[in-house]
1. Would you point out which residue out of A:Ser452, A:Ser411 is polar (S, T, N, Q) and modelled with pLDDT under 90?
2. Here are the criteria: (1) of a type in the set (Asp, Glu); (2) closer than 24 Å to A:Leu129 by Cα; (3) without any contact (Cβ under 8 Å) to a residue 12 or more places away in the chain. Tell me which single one A:Asp228 does not satisfy.
3. Between A:Ala390, A:Ala422, A:Ala398, which is touching a Pro at 6+ places or on another chain (Cβ under 7 Å), surrounded by 23 or more Cβ atoms within 10 Å (Cβ to Cβ) and part of a helix (DSSP H, G or I)?
4. What residue, among those in the stretch A:266-279 that are hydroxyl-bearing (Ser, Thr, Tyr) and facing chain B (nearest Cβ under 10 Å), is nearest to A:Phe77 (Cα to Cα)?
5. Exactly one of (1) assigned to a helix (DSSP H, G or I); (2) within 25 Å of A:Tyr265 (Cβ to Cβ); (3) in contact with a helix residue (DSSP H, G or I) (Cβ under 7 Å, 6 or more places away or on another chain) is unmet by A:Ala184. Its number?
6. Would you confirm whether or not the stretch A:78-92 contains a residue that is aliphatic (A, V, I, L, M), closer than 30 Å to A:Leu287 by Cα and out of contact with any Pro (no Cβ under 9 Å at 6 or more places or on another chain)?
7. Need a quick list: helices (runs of 4 or more DSSP H) entirely within chain B having at least 1 residues that are more than 10 Å from every other protein chain (Cβ to nearest Cβ).
Amino acid sequence: MTIAFFFIFIVFSLGITYVAARRTRNAEHFYTAGGQVTGLQNGLALAGDYMSAASFLGIAGLVSLSGFDGLIYSIGFLVGWPVVMFLIAEPLRNLGRYTFSDVVAFRLRQTPVRVAAAIGSLAVVAFYLIAQMVGAGNLIHLLFGLRYEYAVAIVGVVMLAYVLFGGMMATTWVQIIKAVLLLAGAFLLATITLAKFGFNPLALFRAASARYGDAVLGPGRLVSNPFDAMSLGLALMLGTAGLPHILMRFYTVPNARTARTSVSYATAFIGFFYLLTFILGFGAMVLVGQPEIRAMDAGGNMAAPLLAQAVGGEAFLGFISAVAFATILAVVAGLTLAGAAALSHDLWVNVVRHGAASEVEQLRVARGSTVLLGALAIGLGIAFKGQNVAYMVGLAFAIAASANFPALVLSIFWRKFTTRAAQMSMLAGTFSSLLLIYLSPTIQIDILKNTSAWFPLRNPGLVSIPLSFLVAIVVSSMWPEPEAEARFAEVQQKVHFS
Amino acid sequence: MNARDELKALDSARWRVAVWLTVAMMVVYFGFILLVAYDKPLLTRLVVPGLSVGILLGALVIVAAWVFIWIYVRWANNHYDAKIEALKGRM
């Protein structure tokens with residue numbers, strides 16, 4: 001029954017996606033056509049790209065297991081959007097063409113900047129992908145009773161096939177439809193849940209504290225170390241402005257004003273969704289129960305589907321699972337394409353072939369990189385079993401905030417920024433955050449089963465983000481680049497005109 | 001004033017607005033995070049049964065993000081866009 005509903009909804013959502021994508025293909029491709037995507041559409045697409053398995057499965061799971069602590073993610077994932085709005089969106093639209101590295105490289109030397117940006121983007125994409133795999137693997141494990149490891153492998157292959165054969169359809173429409181489905185699904189689930197508490201959220205929170213104690217309504221053990229809280233907070237806030245697949249979306253709109261409008265819509269939708277996660281998380285805590293959620297998955301990722309089952313039965317479980325699966329599929333498609341673009345476009349063409357690669361060869365390399373990324377995500381998805389997916393995405397945010405954000409902001413704002421500084425800061429940000437993640441308790445204690453970890457924080461942002469800024473400033477001051485400085489006036493002017 | 005100077009003035013005005021709003025958002029958000037880090041008892045305290053200070057402030061941070069964005073969009077749509085449009089012809 002559940003499985004039948006799951007497939008019906010998957011086929012249904014893929015069906016509308018297919019029809020929509022076909023209809024718009026005649027009207028030229030969005031990325032180059034420009035001027036076709038409206039503010040509302042792009043706002044929904046941004047929300048669709050942004051609200052991954054982490055937002056729906058991960059946060060609901062964290063809140064259901066840790067109460068208030070999980071809300072730190074809801075809030076942190078949202079406050080990045082004002083930063084994107086005030087500092088990034090409009091300059092990005094006016095200075096670049098396809099990717100954010102256009103902006104960083106605008107007045108710098110192209111190749112070194114693009115290579116470093118590609119490496120950073122790949123690290124971000126990889127961690128984001130792992131999180132989606134963990135979420136999807138758990139979902140299939142819950143629905144079909146398959147072993148988690150097999151579930152991850154199967155999901156990985158299905159998603160690879162989707163991206164490889166339908167890659168071009170994974171454009172704006174997929175994200176728009178998925179965003180609408182996810183918002184509607186979450187709203188429905190929250191409404192049915194609240195109906196059991198007389199439509200009073202406070203009654204729900206009271207029920208939670210009656211069963212698990214008042215502590216669930218305040219900060220607890222998830223952020224026991226104050227530095228952990230700050231590190232996570234910093235990474236979540238600045239990470240959004242460094243996510244390659246989100247930044248790419250600003251090139252689908254015709255001008256800066258539409259970019260602005262689309263961020264307002266995105267923030268409205270995403271904020272509304274995160275307020276719903278308050279209800280979903282506490283709802284699952286009360287109506288499903290923490291032991292039951294933990295028994296299904298140690299990371300709590302199945303809280304929202306289990307809540308759907310508890311309040312709406314098997315059919316509703318099928319529906320919500322399908323929504324979650326479609327969400328993951330759409331995000332994986334967007335991520336893999338962004339990653340494959342970085343590998344084939346920036347690394348292969350620029351570094352290996354020095355700019356001389358045919359279309360056919362580029363496409364082949366892009367396909368190859370997609371398979372490579374998919375295989376990597378499957379392997380690591382299995383290794384990260386039992387980790388919460390919102391936490392995993394938090395790591396991707398930390399890498400994005402360390403690798404991409406400083407270089408992006410400084411290239412727009414700082415006259416004295418240089419090529420070498422951009423390159424070194426992106427590499428320092430990428431590798432320091434990767435190293436610190438490797439040395440963190442999550443890898444050392446949870447996964448490798450060591451007794452202690454070299455680095456105490458679970459999120460590296462507090463160290464790696466300032467480090468990346470510091471490297472940029474020191475390198476710029478030690479090795480000035482007069483040509484780049486001279487071209488800053490051009491940046492200052494172009495930033496204002498579409 | 002010639003067009004180049006006007007653009008320069010508008011440029012600094014735009015960054016002033018952007019930086020101040022960013023700082024405001026950071027103060028609100030990191031204020032919240034610092035409370036999470038250092039004053040757990042305060043956030044656990046109940047305003048009314050079922051509603052802790054933490055949950056209330058958390059929801060207000062989201063609302064604050066909306067408000068800051070609304071302020072920016074109003075300024076940019078009403079003030080900045082008009083000036084840029086006027087400058088476009090003269091550059």
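1. Sole residue among the options that is polar (S, T, N, Q) and modelled with pLDDT under 90: A:Ser452.
2. (3)
3. A:Ala398 is the lone residue from the list that is touching a Pro at 6+ places or on another chain (Cβ under 7 Å), surrounded by 23 or more Cβ atoms within 10 Å (Cβ to Cβ) and part of a helix (DSSP H, G or I).
4. A:Tyr274
5. So A:Ala184 meets the others, but not (3).
6. Checking the stretch A:78-92: at least one residue is aliphatic (A, V, I, L, M), closer than 30 Å to A:Leu287 by Cα and out of contact with any Pro (no Cβ under 9 Å at 6 or more places or on another chain).
7. The qualifying helices (runs of 4 or more DSSP H) are B:3-38, B:53-75, B:81-88.
Each row is one residue, and each column tells you yes or no for (1) more than 29 Å from A:Val216 (Cβ to Cβ); (2) away from chain B (no Cβ under 14 Å); (3) touching a strand residue (DSSP E or B) at 6+ places or on another chain (Cβ under 7 Å); (4) not aromatic (Phe, Trp, Tyr).
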| site | (1), (2), (3), (4) |
| --- | --- |
| A:Gly70 | no, no, no, yes |
| A:Ile75 | no, no, no, yes |
| A:Trp81 | no, no, no, no |
| A:Val115 | yes, yes, no, yes |
| A:Leu143 | no, yes, no, yes |
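The values are calculated or read from the model by the stated rules, or taken from the named source; none is laboratory data. On a predicted model such as this, the values are computed, not experimentally measured, just so you know. Note that we place each Cβ from the backbone using ideal geometry, even for glycine, and neighbour counts take in every protein chain shown.
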